[in-house]
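Shown next, in structure tokens, is the structure this report addresses.
The values are calculated or read from the model by the stated rules, or taken from the named source; none is laboratory data. Note that the coordinates shown come from a computational prediction; the quantities given were computed from them, not determined experimentally. Neighbour counts run over all protein chains shown; Cβ positions are idealised from the backbone, glycine included.
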Amino acid sequence: MNYKLVAVRKDAEGNITHFLTDRDTVITLSEAIALVENDQINSITSLKADGTWLIDEYGQYEQGQNLADLPGF
């Protein structure tokens, strides 16, 4: 079963430090990156430390930076 990222926690400088998943689990950015690499985060195929992401679904690529815009927790 895959996770979905639903909220974000940032440090004083605005950098993403943690995510809240749809299972009410708090994970670090490093853990989220590892989960993406193991195909355990819905839709996201690449996640960088700065919060940028890449989706590669059916050969159609989409890139974004909006994970920082998730609600805070």
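Identify, by number, the condition in (1) modelled with pLDDT of 85 or more; (2) farther than 12 Å from G72 by Cα; (3) of a type in the set (S, T, N, Q) that T17 doesn't meet.
Among (1) modelled with pLDDT of 85 or more; (2) farther than 12 Å from G72 by Cα; (3) of a type in the set (S, T, N, Q), the lone unmet condition for T17 is (2).
Which ones in the stretch 1-26 are under 10 Å from the mean Cα position of the chain (by Cα) and not polar (S, T, N, Q)? Give the steps one after another, and end with the answer.
The first filter runs over the stretch 1-26 and keeps only residues under 10 Å from the mean Cα position of the chain (by Cα), leaving 3-8, 16, 18-21.
Selection gives Y3, K4, L5, V6, A7, V8, I16, H18, F19, L20.
Being surrounded by 12 or more Cβ atoms within 10 Å (Cβ to Cβ), without any contact (Cβ under 8 Å) to a residue 24 or more places away in the chain and assigned to a helix (DSSP H, G or I) is the filter here; which residues of the stretch 1-42 pass it?
L29, E31, I33, A34, V36, E37
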